[in-house]
Amino acid sequence: MARRAALAVWGFVVGDDWRTAVGVVLILAATALVATAGLPAWWLAPIAVLALLRWSLGRAIPRCADGSSRL
Amino acid sequence: MSGTEASLAVSVFLASAVEAVEALTIVLAVGSTRSWASALAGVLAGMTALAVLIAALGPALTSLPIGVLRVVVGGLLLTFGLQWLRKAILRAAGLKPLHDELAIFAAEARAAGAAGVAPGELDGYSFAISFKGVLLEGLEVAFIVLTFGANQDDVGLAAVAAALAVALVVVVGFVARAPLTRVPENAMKFAVGVLLSAFGLFWGAEGAGASWPEGEAALPFLGLFVLAAAWLMVRDLRRGLPDLAAAAS
């Protein structure tokens, strides 16, 4: 029951691309590092997140184009 | 109501309306094919389970230190929002089929008709399918209500926005007695993806220690930034469709 609930939560939060979730964690960690160093850090996350989105789309396109996508 | 609170209410309302449209299709299919009473009992049970979940987790989330809450919830919202946005971009670019409520309704109605006759007063099939539909679609709404509400310290406002959206969809759906095919689902999902990503960016980066120029006033600019970038991605993908089709054939 708990495992199924955890899988359901994983399914709707992370979905079918766990790399995006890992990317988000890395981006927030990098933001924290820059902020801790006393440098302006606000610009980092927006740029990195859009690069992550573009990369994620690039990975999804071949699956969509050949009809094998389960997105 | 501040600008941030208004954005929160709009985000929750749109996300809840989209999920309610999808749940309504399932409930209408089993209700009209088998048993309205059992389907509605399933809806009630599903909504009760979601309300209990929000009531139980809301106070637990709001008791977390604000810095921890913002980075955790911001990260979750960002992950969740990027998932919505990616699917909406692929749909808008024509690379992924749009959600077809009529086809889903027909498939659910066929399955309900083939599931055999219910032996007692309560039709277990109608109850279970409605309950599952409401719970699964509603979990995303509960997640958004909890994360937005906790971060803004106003779970009540988020819950009211969600309840209004669900009530509107239910009333329109039951008046029409048909799936809501005219709702611009992908445009709404696109908007929700942009809003979730913008809020996730704002809270996630702030929780990680970044200071936004002009504080909360940066939020609309973040939304516009994400929207413009997503629109450019749709445009690029549309332009590249002939190449993709040629590569796939």
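The values are calculated or read from the model by the stated rules, or taken from the named source; none is laboratory data. Keep in mind that what you see is a predicted model, and the values were worked out from it rather than measured. FYI the Cβ positions are ideal-geometry reconstructions off the backbone, even for glycines, and counts take in every protein chain you see.
Here are some notes:
- Of everything listed in (1) more than 30 Å from B:ALA109 (Cβ to Cβ); (2) surrounded by fewer than 21 Cβ atoms within 10 Å (Cβ to Cβ); (3) more than 14 Å from chain A (Cβ to nearest Cβ), the single unmet condition for B:VAL68 is (3).
- Spans of helices (runs of 4 or more DSSP H) in region B:147-243 with at least 1 residues more than 9 Å from every other protein chain (Cβ to nearest Cβ), touching a residue at least 40 places away in the same chain (Cβ under 8 Å) and in contact with a Lys or Arg (Cβ under 6 Å, 6 or more places away or on another chain): B:185-207
- Of the residues in region B:117-133, not one is free of Cβ contacts under 8 Å to residues at least 60 places away in the same chain, assigned to a helix (DSSP H, G or I) and not aromatic (Phe, Trp, Tyr).
- Failed item, numbered, when B:ALA210 is tested on (1) small (Gly, Ala, Ser); (2) farther than 28 Å from A:VAL14 by Cα; (3) touching a Ser or Thr at 6+ places or on another chain (Cβ under 6 Å): (2)
- Here region A:16-25 is the region considered, the condition is being surrounded by fewer than 19 Cβ atoms within 10 Å (Cβ to Cβ) and without any contact (Cβ under 8 Å) to a residue 12 or more places away in the chain, and the residue that is nearest to the other protein chains (Cβ to nearest Cβ) is A:VAL25.
- Boolean, B:ILE144 is at pLDDT 90 or above, of a type in the set (Val, Ile, Thr), within 30 Å of B:GLY204 (Cα to Cα) and buried (at least 20 other Cβ atoms within 10 Å of the Cβ): no
- All positions within region A:26-39 that are loosely packed, with under 14 Cβ neighbours inside 10 Å and within 8 Å of chain B (Cβ to nearest Cβ): A:ALA29, A:THR36
Residues checked against (1) more than 25 Å from A:LEU57 (Cα to Cα); (2) surrounded by fewer than 21 Cβ atoms within 10 Å (Cβ to Cβ); (3) in contact with a Phe, Trp or Tyr (Cβ under 9 Å, 6 or more places away or on another chain):
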{"position": "B:MET1", "(1), (2), (3)": "yes, yes, no"}
{"position": "B:SER11", "(1), (2), (3)": "no, no, yes"}
{"position": "B:ALA17", "(1), (2), (3)": "yes, no, no"}
{"position": "B:ALA29", "(1), (2), (3)": "yes, no, yes"}
{"position": "B:ALA60", "(1), (2), (3)": "yes, yes, no"}
{"position": "B:PHE80", "(1), (2), (3)": "no, no, yes"}
{"position": "B:ILE89", "(1), (2), (3)": "no, no, yes"}
